[in-house]
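The block underneath contains the structure these notes are about, expressed in structure tokens.
The values are calculated or read from the model by the stated rules, or taken from the named source; none is laboratory data. Predicted model only: the values in this text are computed from it and were never measured. Cβ coordinates were reconstructed from backbone atoms using ideal geometry, including for glycine residues, and neighbour counts include every protein chain displayed.
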Amino acid sequence: MKRTLFIMLAIVSLAGMVLTSGCGKEKVYTVTFDANEGHGTMKSQTFVKNVSQTLVSNKFTRKGYAFSEWNTIPDGTGVTYSDAQEISINNDMTLYAQWKAVSGSKNGHDYVDLGLPSGTLWATCNIGANTPEIYGDFFAWGEVTAKNSYSWSNYRYCNGNFNALTKYCTSSSFGDNGFSDNLTVLEAMDDAATANWGQDWRTPTATEMRELRDNCVILWTVQKGTRGFLFTGPNGNSIFLPAGGYYFDSDHEDVGVGGYYWTSSLGSGMSGYAWLFHFYADGYEMNNYGRGQGRSVRAVCK
């Protein structure tokens, strides 16, 4: 009797397995990951049909590029998926890594993509320098060549003093004989970055300088024996701005102590001032400084 019952249960169980395998088996699909000119390996990922699952995070790398997304076509014209996106599928598919350049060169000068919201690309060294640690040249605001001495007496766009301006003046009170032109951003001909490195380059606006300040991790450090600030962007890439100080008359002040970087934006209030980013070991600030003094320029491009 027990033997008969056992056989009957076995038959019922086997029948259930047959039904399950024949009618209720879940369909499984495979996602294959392709480095698409990148490097590294990633295992394929299996998905049950129409069951949501998170894509594994990208592990591919590519020199000079940052991973941006996945796409079903190598050139990025197919369906796009973000890294670690939750998806469900009903067919096998291959996802191709999409890459965004994080470094490159324009007119022989290198730039880095820091992953900033605006997409602004920052030069790797100052105007007049060929490595990040060299101070480079110093410019009065709106001038395109370096000088031995910087003062209102030899400033290009005034008649001897700060309230006799001949260009970039929004108030006749500071213009030469009541002059005003209401220009508030450097024109290309007066931009040290554009004049020295070509049309692809320019001095950053005050807004772009604030974006750099507000979106980067900023660290006072020493790089190859030079003091300065390391700015690390949201994507992990960095630029180094040396603390080159500034020129007042013929005196080179604050060398190795502070960095003074012009923006292309005229200052608020008196027209004799322009916006500048100033940093030092204990902090940093945006401020208005006299246009006639010699400051550093770090160029940007798009």
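Restricting attention to segment 104-142, the residues that are in a loop (DSSP other than H, G, I, E, B), buried (at least 21 other Cβ atoms within 10 Å of the Cβ) and touching a Lys or Arg at 6+ places or on another chain (Cβ under 7 Å) add up to 5.
Within segment 178-185, the presence of a residue that is modelled with pLDDT under 95, more than 20 Å from Arg298 (Cβ to Cβ), touching a Phe, Trp or Tyr at 6+ places or on another chain (Cβ under 7 Å) and of a type outside the set (Val, Ile, Thr) is excluded.
All of (1) of a type in the set (Gly, Ala, Ser); (2) closer than 28 Å to Arg210 by Cβ; (3) surrounded by 14 or more Cβ atoms within 10 Å (Cβ to Cβ) hold for Gly38 with one exception: (2). None of Ala101, Ala140 is at pLDDT below 95 and among the aliphatic types (A, V, I, L, M) except Ala101.
Restricting to segment 257-275, count the residues that are under 18 Å from Pro242 (Cβ atoms) and either outside the structural domain of Cys125 (by TED's automatic domain parsing) or surrounded by fewer than 17 Cβ atoms within 10 Å (Cβ to Cβ) (or both). Explain how you work it out, then say what you get.
First, pick out the residues of segment 257-275 that are under 18 Å from Pro242 (Cβ atoms): 257-263.
Among the residues that remain, those that are also either outside the structural domain of Cys125 (by TED's automatic domain parsing) or surrounded by fewer than 17 Cβ atoms within 10 Å (Cβ to Cβ) (or both) are: 257.
Here the count works out to 1.
Of the residues making up segment 276-294, those that are more than 12 Å from Met209 (Cβ to Cβ) and either outside the structural domain of Thr170 (by TED's automatic domain parsing) or out of contact with any helix residue (DSSP H, G or I) (no Cβ under 7 Å at 6 or more places or on another chain) (or both) are Tyr280, Ala281, Asp282, Gly283, Asn288, Tyr289, Gly290, Arg291, Gln293, Gly294. In summary, Glu37 fulfils each of the numbered conditions (1) at pLDDT below 95; (2) out of contact with any Pro (no Cβ under 9 Å at 6 or more places or on another chain) with the single exception of condition (2). If you go through segment 157-175 and keep only what is surrounded by fewer than 18 Cβ atoms within 10 Å (Cβ to Cβ) and either of a type in the set (Asp, Glu) or assigned to a helix (DSSP H, G or I) (or both), you end up with Ser172, Ser173. Of everything listed in (1) closer than 25 Å to Ser151 by Cα; (2) in contact (Cβ under 8 Å) with a residue 60 or more places away in the chain, the single unmet condition for Asn235 is (1). Comparison of Val112, Val56, Val79 shows that the only residue that is among the aliphatic types (A, V, I, L, M) and either closer than 27 Å to Asp200 by Cβ or at pLDDT below 95 (or both) is Val112. Before we move on, is Thr184 more than 30 Å from Gly78 (Cα to Cα), touching a residue at least 12 places away in the same chain (Cβ under 8 Å), buried (at least 19 other Cβ atoms within 10 Å of the Cβ) and not basic (Lys, Arg)? Answer is no for this residue. Please work out which residue is farthest from the chain's Cα centre (by Cα), limiting yourself to segment 276-292 and to residues that are under 19 Å from Phe174 (Cβ atoms) and buried (at least 23 other Cβ atoms within 10 Å of the Cβ). The selected residue is Gly292. Restricted to segment 238-253, and to residues there that are more than 22 Å from the chain's Cα centre (by Cα) and in contact (Cβ under 8 Å) with a residue 12 or more places away in the chain, the residue that is surrounded by the fewest Cβ atoms within 10 Å (Cβ to Cβ) is Ser250.
Every listed requirement among (1) farther than 25 Å from Ala66 by Cβ; (2) in a loop (DSSP other than H, G, I, E, B) is met by Asn287 save one, (2).
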